[in-house]
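Novice: Handing you a structure now.
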Amino acid sequence: MPVETNNKKRQIKPPRIRQFGGSLLILLTLLFLLNAIVPSFFGPRLPQVPYSDFIAQVQAGRVERAVVGGDRIEYALKTQTPDGKPTEQVFATTPVALDLDLPKILRDNKVEFAAPQPNQNAWISTLLSWVVPPLIFFGIWGFFLNRGGGGPAALTVGKSKARIYSEGSTGVKFIDVAGVDEAKAELEEIVDFLKSADKYTRLGAKIPKGVLVVGPPGTGKTLLAKAIAGEASVPFFSISGSEFIELFVGVGAARVRDLFEQAKQQAPCIVFIDELDALGKSRGGGPMMGGNDEREQTLNQLLTEMDGFDANTGVIIIAATNRPEILDPALRRPGRFDRQVVVDRPDKIGREAILKVHARNVKLADDVNLGTIAIRTPGFAGADLANLVNEAALLAARQNREAVIMADFNEAIERVVAGLEKRSRVLNEIEKKTVAYHEVGHAIIGALMPGAGKVEKISVVPRGVGALGYTIQMPEEDRFLMIEDEIRGRIATLLGGRSAEEVVFGKVSTGASDDIQKATDLAERAVTLYGMSDKLGPVAFEKVQQQFLEGYGNPRRSISPEVAQEIDREVKQIVDNAHHIALSILQENRDLLEQTAQELLQKEILEGTQLREHLNQAKAPDELAQWLQTGKLSEDKPLMQSLLV
Ligand code: ADP
Ligand code: MG
Ligand code: ZN
């Protein structure tokens with residue numbers, strides 16, 4: 001079948017609903033409700049008068065007749081027409097509940113009164129109350145039946161929930177996506193396939209069927225897909241992988257079938273499945289997961305459908321995931337998702353470009369340098385940068401500034417990195433002193449270590465969830481590798497806080513637990529993942545399972561108890577040596593530690609040149625160079641811990 005390229009005129013039809021039946025139903029329902037709420041709806045409308053006025057008029061002898069109902073009194077006043085003939089005017093009032101004096105007052109004032117006649121229009125209410133409820137019931141039933149194409153109601157859930165976007169309706173274009181140029185180029189090509197398919201099919205080329213977009217969270221995978229929809233001038237179906245999975249077995253498969261049916265009718269078009277991993281997990285899944293019939297069936301259906309259409313019908317399936325490693329291998333077979341596009345965290349230039357995109361609508365002061373911000377935000381994904389710009393703008397607005405200044409960005413970066421400042425959390429004197437020495441400890445050691453970037457700021461203002469104080473180190477460039485000595489330096493820096501507490505107070509606080517956790521993790525990774533231990537060699541002891549998501553523990557390989565013991569010993573050795581070096585550095589710089597901590601206590605925050613003046617005085621002990629090089633300490637020196645007691 002030739003691929004239609006002129007599809008601009010094609011209209012995307014909304015799902016058909018029984019429109020006429022629906023509105024009739026709504027009208028009847030409204031009438032029914034109105035009639036129930038306002039019983040006299042079909043009766044004459046009379047001017048309403050307050051009850052007290054009515055009583056006053058009765059007592060003034062002006063009322064001729066009254067019809068007294070439970071919740072409504074209609075009465076006639078004696079008046080005259082302009083030419084002097086007696087006539088009467090009718091009013092209505094609402095009686096105050098249970099006015100038992102009313103009959104007496106009326107009788108005393110000689111008003112003719114009676115109970116109301118049964119409502120002449122009552123048959124309408126009766127009819128409505130009999131007819132409408134069943135109508136509503138059948139109407140709703142019919143509505144669902146109609147959507148299900150006549151099947152039983154339970155099957156209607158099998159319709160795909162894909163949202164259809166027409167050209168440009170996502171409001172996102174390729175220029176809104178920055179810093180991921182390779183991925184963009186690849187996907188632009190896909191758009192070109194759809195726009196001018198003949199160019200390719202004429203030469204006998206097959207258009208790819210499926211493209212898998214992989215990358216860490218927040219790097220712009222969903223955004224890219226939306227941009228394609230915005231650029232492609234073809235229908236764009238979007239659905240999330242989890243929307244295929246329902247309570248009932250078989251529903252997901254039905255949805256897949258329905259989605260592809262719709263897509264084929266609208267071809268050429270793009271089908272976008274977000275978070276594919278929700279449905280495309282490896283079948284079998286290992287003994288721990290147990291069987292998941294529903295997901296397997298859905299996945300099978302997807303595989304079948306992808307095989308089932310000719311590549312040149314012009315349906316292209318784009319799927320996004322941040323866990324490509326768990327996807328079923330069958331999904332990646334040629335003819336299915338055979339193209340893989342990696343959207344990775346942006347580098348410095350990419351970050352600057354993304355910042356530019358998001359700063360387009362933000363008023364920036366002249367001192368703002370997006371390039372500098374990009375340098376200071378390594379590891380930030382697109383979503384983080386978008387958030388950063390917004391935070392900075394919010395800060396500036398809170399200060400009633402005309403434009404966002406660089407200081408707002410710096411504060412926003414710190415917020416994202418370390419959490420909100422909590423000036424309300426009051427530390428007592430001892431705590432504050434402990435925190436100050438702790439942070440200065442981090443800073444002095446950080447200043448002497450290679451690779452980690454310069455120490456920019458230390459603070460004893462609590463921030464975020466657990467931090468009572470913090471030290472910020474800013475890298476000068478993007479780093480993609482960590483060299484052995486930098487890992488050692490990092491571990492020593494992490495232990496610097498606790499070491500300072502030991503050196504100054506001779507005892508430690510609970511404040512270092514997070515540092516210790518991180519230091520130990522890093523040491524363990526050095527041994528089990530990076531093969532940096534001499535004794536164990538370049539053997540991997542963990543199975544890496546997450547390519548893009550961090551913070552998930554990797555399971556250990558099967559290892560003998562002896563090796564496990566050796567790993568533990570090596571990890572401990574690395575941490576111990578780093579601890580020793582940290583203590584030794586702080587001993588060497590005891591005066592500097594004292595001065596800096598005192599100044600920090602006074603000013604709460606030390607940064608910039610002020611801080612650098614202090615830290616530039618830090619002296620490295622003799623053994624530092626050797627330790628950085630080899631990880632070993634000279635044998636004859638006793639471990640520093642023993643000096644403490
Ligand atoms: P994910 O990769 O997890 O699907 P999203 O596409 O949902 O990430 O990104 C979330 C938000 O982050 C986007 O709406 C956009 O504002 C911002 N963003 C992410 N990546 C980029 C990028 N490369 N360029 C511009 N903005 C981006
Ligand atoms: Mg996404
Ligand atoms: Zn610390």
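Novice: Got at least one residue in the stretch 113-128 being modelled with pLDDT of 80 or more, out of contact with any Leu (no Cβ under 9 Å at 6 or more places or on another chain) and outside any helix (DSSP H, G or I)? Give the steps one after another, and end with the answer.
Specialist: We begin by selecting, within the stretch 113-128, every residue modelled with pLDDT of 80 or more; these are 113-115.
When the remaining residues are screened for being out of contact with any Leu (no Cβ under 9 Å at 6 or more places or on another chain), the result is 114-115.
If we keep only those that are outside any helix (DSSP H, G or I) as well, we get 114-115.
Checked against the condition, which is being modelled with pLDDT of 80 or more, out of contact with any Leu (no Cβ under 9 Å at 6 or more places or on another chain) and outside any helix (DSSP H, G or I), the stretch 113-128 yields at least one hit.
Novice: Okay, next question. Inside the stretch 328-350, can you point out the residues that are closer than 22 Å to Val180 by Cβ, assigned to a helix (DSSP H, G or I) and open to solvent by 10 Å² or more (accessible area, probe 1.4 Å)? Let's see the steps before the verdict.
Specialist: Here is the first cut: in the stretch 328-350, the residues closer than 22 Å to Val180 by Cβ are 332, 337-350.
Next, from what is left, pick out any that are assigned to a helix (DSSP H, G or I): 332, 348-350.
Once the filter is applied, which keeps residues that are closer than 22 Å to Val180 by Cβ, assigned to a helix (DSSP H, G or I) and open to solvent by 10 Å² or more (accessible area, probe 1.4 Å), the stretch 328-350 yields Arg332, Lys348, Ile349.
Novice: Listed residues Ala564, Ala578, Ala582; which is farther than 24 Å from Gly506 by Cα and at pLDDT 90 or above?
Specialist: Values: Ala578 fails: farther than 24 Å from Gly506 by Cα; Ala582 fails: farther than 24 Å from Gly506 by Cα.
Within the list Ala564, Ala578, Ala582, the selection yields Ala564.
Novice: Restricted to the stretch 417-442, and to residues that are surrounded by 15 or more Cβ atoms within 10 Å (Cβ to Cβ) and within 34 Å of the chain's Cα centre (by Cα), which residue is farthest from Gln629 (Cα to Cα)? Please lay out each step first, then the result.
Specialist: Taking the stretch 417-442 first, the residues surrounded by 15 or more Cβ atoms within 10 Å (Cβ to Cβ) are 417-419, 421, 427, 431-442.
Those still in the list that are within 34 Å of the chain's Cα centre (by Cα) too: 417-419, 421, 427, 435, 439, 442.
Working: Val417: 30, Ala418: 31, Gly419: 35, Glu421: 38, Leu427: 40, Val435: 31, Glu439: 26, His442: 21 Å.
Ranking the candidates gives Leu427 first.
For (1) at pLDDT below 90; (2) within 16 Å of ligand 2 (Cβ to nearest atom); (3) closer than 18 Å to His614 by Cα, each residue gets a yes or a no:
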{"position": "Thr471", "(1), (2), (3)": "yes, no, yes"}
{"position": "Leu481", "(1), (2), (3)": "yes, no, no"}
{"position": "Arg488", "(1), (2), (3)": "no, no, no"}
{"position": "Ile491", "(1), (2), (3)": "no, no, no"}
{"position": "Leu495", "(1), (2), (3)": "no, no, no"}
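Novice: Of the residues that sit in the stretch 294-321 and are surrounded by fewer than 21 Cβ atoms within 10 Å (Cβ to Cβ) and not in a helix (DSSP H, G or I), which one is farthest from ligand 1 (Cβ to nearest atom)?
Specialist: Step by step, filter the stretch 294-321, then rank; the result is Asp310.
Novice: Look at the stretch 367-393 and say how many of its residues are surrounded by fewer than 20 Cβ atoms within 10 Å (Cβ to Cβ), out of contact with any helix residue (DSSP H, G or I) (no Cβ under 8 Å at 6 or more places or on another chain) and among the hydrophobic types (A, V, I, L, M, F, W, C).
Specialist: 1
For every residue, the table says whether it meets (1) more than 22 Å from Asn616 (Cα to Cα); (2) within 13 Å of ligand 3 (Cβ to nearest atom); (3) assigned to a strand (DSSP E or B); (4) open to solvent by less than 20 Å² (accessible area, probe 1.4 Å).
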| position | (1), (2), (3), (4) |
| --- | --- |
| Thr471 | no, yes, yes, no |
| Leu481 | yes, no, no, no |
| Asp485 | no, no, no, no |
| Gly489 | no, no, no, yes |
| Ala492 | no, yes, no, yes |
| Leu495 | no, yes, no, yes |
| Ser499 | no, yes, no, yes |
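Novice: Let me confirm something: among Lys264, Lys206, Lys195, which residue is open to solvent by 20 Å² or more (accessible area, probe 1.4 Å) and in contact with a strand residue (DSSP E or B) (Cβ under 9 Å, 6 or more places away or on another chain)? Spell out the reasoning first.
Specialist: Working: Lys206 fails: in contact with a strand residue (DSSP E or B) (Cβ under 9 Å, 6 or more places away or on another chain); Lys195 fails: in contact with a strand residue (DSSP E or B) (Cβ under 9 Å, 6 or more places away or on another chain).
On inspection, the qualifying residue turns out to be Lys264.
Novice: Exactly one of these conditions fails for Val404: (1) hydrophobic (A, V, I, L, M, F, W, C); (2) over 30 Å from Ile483 (Cα atoms); (3) open to solvent by 20 Å² or more (accessible area, probe 1.4 Å); (4) touching a strand residue (DSSP E or B) at 6+ places or on another chain (Cβ under 9 Å). Give me its number.
Specialist: So the condition that Val404 fails would be (3).
Novice: Could you tell me which residue of the stretch 217-234 is farthest from ligand 3 (Cβ to nearest atom), considering only residues that are part of a helix (DSSP H, G or I) and open to solvent by 10 Å² or more (accessible area, probe 1.4 Å)? Before the answer, list the steps.
Specialist: We begin by selecting, within the stretch 217-234, every residue part of a helix (DSSP H, G or I); these are 221-231.
Subset that is open to solvent by 10 Å² or more (accessible area, probe 1.4 Å): 221-223, 226, 231.
Working: Lys221: 35, Thr222: 36, Leu223: 36, Lys226: 41, Glu231: 48 Å.
Per the stated criteria, the residue is Glu231.
Novice: If I filter the stretch 248-260 for residues that are aromatic (Phe, Trp, Tyr), without any contact (Cβ under 8 Å) to a residue 60 or more places away in the chain and within 12 Å of ligand 1 (Cβ to nearest atom), do I get at least one hit?
Specialist: Here is the first cut: in the stretch 248-260, the ones aromatic (Phe, Trp, Tyr) are 248, 260.
Retained after the next criterion (residues that are without any contact (Cβ under 8 Å) to a residue 60 or more places away in the chain): 260.
Right, trim to within 12 Å of ligand 1 (Cβ to nearest atom) and you get none.
Within the stretch 248-260 (the criterion being aromatic (Phe, Trp, Tyr), without any contact (Cβ under 8 Å) to a residue 60 or more places away in the chain and within 12 Å of ligand 1 (Cβ to nearest atom)), the answer is no, since none of the residues qualifies.
Novice: Determine the pairs where a residue that is in the same structural domain as Phe260 (by TED's automatic domain parsing) and touching a residue at least 60 places away in the same chain (Cβ under 8 Å), located within the stretch 316-333, has a partner that is within 12 Å of ligand 2 (Cβ to nearest atom) and small (Gly, Ala, Ser) with Cβ atoms under 6 Å apart, the partner being 6 or more residues away or on another chain.
Specialist: Here the result reads Ile318/Ala225, each pair linking the stretch 316-333 to a residue that is within 12 Å of ligand 2 (Cβ to nearest atom) and small (Gly, Ala, Ser).
The values are calculated or read from the model by the stated rules, or taken from the named source; none is laboratory data. Because the structure is a prediction, the values reported are computed rather than measured. Please note: Cβ atoms are built from the backbone with ideal geometry, for glycine as well, and neighbour counts cover all protein chains shown. Remember, those area values only see protein heavy atoms, side chains included, never the ligands or the DNA or RNA. Shrake-Rupley method; radii C 1.70, N 1.55, O 1.52, S 1.80 Å.
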